[in-house]
Each structure stands twice: as C-alpha cells, then as structure tokens.
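Reviewing the structure listed below.
The values are calculated or read from the model by the stated rules, or taken from the named source; none is laboratory data. Here the structure is a predicted model, which means the values were calculated and not measured. Cβ coordinates were reconstructed from backbone atoms using ideal geometry, including for glycine residues, and neighbour counts include every protein chain displayed. Calculation scope for accessible area: heavy atoms of the full protein, side chains included, ligands and nucleic acids excluded. Shrake-Rupley method; radii C 1.70, N 1.55, O 1.52, S 1.80 Å.
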Amino acid sequence: MSRLGHLGARLYRGEVGYDFVGKRKIWYGISILITITAILGLAVRGLVMGIEFKGGAVFTTPKTSVSVSQAESYAKSASGHDAIVQKLGNKGLRIQITDIDTAKSDQIKTALAKDLKVPAEDINADLVGPSWGDEIANKAWTGLIVFMILVVIYLAIAFEWRMALAALIALIHDLTITVGVYALVGFEVTPGTVIGLLTILGYSLYDTVVVFDGLKEGGKGITKQTRITYSEMANKSLNGTLVRSINTTVVALLPVAGLLFIGGGVLGAGMLNDISLSLFVGLAAGAYSSIFIATPLVADFKEREPQMQALKKRVLAKRAAAAAKGESDDEPQDAVEQAGEDAEDAAETAGAVVGQRRQPSRNNRGKRR
C-alpha cells in the first residue's frame, strides 16, 4: 500500500487526524478575506465582457510577423475603439473590436489588411450582435437560479436543511471567488466562462455531498453516547474523506491545468482560457470550501440545537470527572481496540500452529503408506 493510501486508512479509522472543525474560525477568516478581495477586484476593475455579450466584430488574420501591441495600435487607429488582440497557434491574430456595424467592419478590414501587409480576402471577419449575448446571459442566470433551488431542495430532503444551507453558502463562496479572479486577471467573460461556472457548481456539490454522507451516518444515535460531541464526530468524518477529496481534486485539476497553461499559454489558443480558468479556480475553491467551509458550518448549525448542546455538556462533564480521577475517557475504547488487536494476533498465531501440526500428520500418513 502506498504512503498516501496508508495515511488515508489511518485517517478513516481515526488513528490520526487534523482538527479542521475546531479551527473553523481561522478558515472563516481566510475565506472572508479572500471573498472581500474578490469583491473589491470585481468592483474596482470589473469584468471584461467578451464580444458575444457586447456585440462587434472578430477579425482572424493569417500568419503575420506583427506583434500583439502593434496590432492593437493598428486596430485602434482603424476603428477608433480599443481592441483585444490574441496571438493564435498558427502565428495569426484574433482581433476583437466592439460596437461596430457591418459598414464599419468592411473599412476596418481593409485598413488592417494594409497595416498588417496581408491580403484582405485572407482576413476572416465575423459580426456578433449584442442581443445574442443578452440571451445567453439571461439563460445562464435562469439556469443558475434553478440549479441553486434544486440543490437546496435535494439536500434538505436527502440530509437536512442545515446541510442544504451550508452547501448553498459554499457554492456562493466558490462563485464569488471565481468571478473575482476573472476580474483581477482581466480575462474575457465569454459563453465558455459561463459553461465553466455552471460546471464547477456540480463538482463542488459532489465533493460536499461525499462529506455530508459521512456526517449523516456518524450522526445516527450520537445523542445516546457521551464519548464525543457532534463537532468531534464531524471532524472525524471529514478526516476520513480527506484523502479521497485530495485525490479527486488533483485528478480533476491536472487536465484543466493542461488546458490553461499549455493550451492557452504555450500554444496560444486564447479561447481555451475562457473555460479553463473558471474550471481551474472553481475546482480548487470547491475542494477548499467542502473541507474548510461546508462541514464547519454544519457543525456550527448543529451545535446550536438543544440536544447537541446537552450532549456537549454531558461529554465535557464526563471528561472533567475522568480528569479529576486521573483517568482518561478514551481508555475503555482503547482497551477494546487493543483487545481486538490481541485477538487477531492470537488467531494468526493459532492458525500458524495448526498449520504446523497438520503438516507432520500428512508426512506420517505418507510414511505409513
């Protein structure tokens, strides 16, 4: 078994662990700081909306030696508007200019062909109307709202309303961070970005539900014992699924990182940046929120219940009484676990002895024969 697998087994059995829930105020503070930074970036810099949402023209040129900065200058002088220029993998250029009509597009195409020293017929011009972008945006908002409502209803039925509320807060947290990163980095918001945002919601929810399932199982009959509180049970369940969450996140991030850094950065396929950045940031934020936000929030909500508060008082009172007597509240459980291990060792020893005894009997039968 690998070291990570061995660690995951020990985490699952509760032999080792990290107090995620106990240090939840630290995670809350970090999340609030990141969220405020994202909101400030969104308020100050704003989102760079793609041409699909604002309308305009996209000019795709063949291979040229003109740099991106020079092409931006040529496009601005030809159109009178700021232009967004991207270098393509075939050494061509993708030039986006907003707020222009068909007649203006033909003039810009002619001027670009002259400045870039390429034939005008080799420049491909595509006009995009703003109404199409508005339709996409409206459908995206509708899909997002419907998705959130269905998530809350499902989690409230499958688990409970406290878990549904915690999952909703975690999803909003992931969306806010992803949109804030887009504003800070300055990447364009395109339909690919919208698709990426909707995709990360499903992944973040999956990771959260895995942890919530452990909470649901661990919470059965928890008020009938006096050994652990709900927060301690939640932390143990979280540690039990920690390695699984890390593995699924890393496996999902690797291909997305390839799209973002290799496809968009090295090969120059700028259109890949639209969806890959939202996926990369959203997947990382989703894994973070399922561990550091959703589960601690559920513990906070549950600890407010009268029965959980009474359970916590009983557990602390029992531990205080055991400490006063110089005993450990975990000793009975440790003794049971040790007895189980001793029994397994005894069984293995007995099996070895029986095997040794059976072998001479077979040999004796052979001699008699």
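For the subset of the stretch 204-234 comprising residues that are of a type in the set (Gly, Ala, Ser) and in a helix (DSSP H, G or I), which member is surrounded by the fewest Cβ atoms within 10 Å (Cβ to Cβ)? Step through it out loud before you land on a result.
Taking the stretch 204-234 as the starting set, the residues that turn out to be of a type in the set (Gly, Ala, Ser) are 204, 214, 218-219, 221, 231, 234.
Checking which are in a helix (DSSP H, G or I) leaves us with 204, 214, 218, 231, 234.
On the way: Ser204: 25, Gly214: 19, Gly218: 17, Ser231: 21, Ala234: 27.
Per the stated criteria, the residue is Gly218.
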For this session: All but one of (1) free of Cβ contacts under 8 Å to residues at least 60 places away in the same chain; (2) outside any helix (DSSP H, G or I); (3) crowded, with 16+ Cβ neighbours inside 10 Å hold for Val256, so report the exception by its number.
Result: (2)
Exercise. Does at least one position in the stretch 235-243 carry a residue that is under 17 Å from the mean Cα position of the chain (by Cα), modelled with pLDDT of 85 or more and either under 30 Å from Gly50 (Cα atoms) or open to solvent by less than 50 Å² (accessible area, probe 1.4 Å) (or both)?
Worked result: yes
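A quick yes/no check of all residues on (1) open to solvent by less than 70 Å² (accessible area, probe 1.4 Å); (2) hydrophobic (A, V, I, L, M, F, W, C); (3) under 23 Å from Gly129 (Cβ atoms):
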{"position": "Val48", "(1), (2), (3)": "yes, yes, yes"}
{"position": "Lys54", "(1), (2), (3)": "no, no, yes"}
{"position": "Thr61", "(1), (2), (3)": "yes, no, yes"}
{"position": "Ala71", "(1), (2), (3)": "yes, yes, no"}
{"position": "Lys76", "(1), (2), (3)": "no, no, yes"}
{"position": "Gly80", "(1), (2), (3)": "yes, no, yes"}
{"position": "Leu88", "(1), (2), (3)": "yes, yes, no"}
{"position": "Ile95", "(1), (2), (3)": "yes, yes, yes"}
For this session: List the number of the failed condition for Thr110; all other conditions in (1) surrounded by 15 or more Cβ atoms within 10 Å (Cβ to Cβ); (2) within 11 Å of Ile123 (Cβ to Cβ) hold.
Result: (1)
Exercise. Based on what the data block shows, is Gly56 touching a residue at least 60 places away in the same chain (Cβ under 8 Å) and in contact with a strand residue (DSSP E or B) (Cβ under 9 Å, 6 or more places away or on another chain)?
Worked result: yes
Problem set entry | Any helices (runs of 4 or more DSSP H) falling wholly within the stretch 21-120 and containing at least 3 residues that are at pLDDT below 85 and in contact with a Gly (Cβ under 8 Å, 6 or more places away or on another chain) | 51-54
Seminar exercise, completed: Flagged pairs (Cβ under 8 angstrom, 6 or more apart or on separate chains; first in the stretch 274-294, under 26 Å from Pro191 (Cα atoms); second surrounded by fewer than 23 Cβ atoms within 10 Å (Cβ to Cβ) and among the aromatic types (Phe, Trp, Tyr)) are Asp274/Phe187; Leu277/Phe187; Gly282/Tyr203; Leu283/Tyr203; Gly286/Tyr203
Problem set entry | Looking only at the stretch 145-194, and only at residues there that are of a type in the set (D, E, K, R) and over 20 Å from the mean Cα position of the chain (by Cα), the one that is least open to solvent (accessible area, probe 1.4 Å) | Glu188
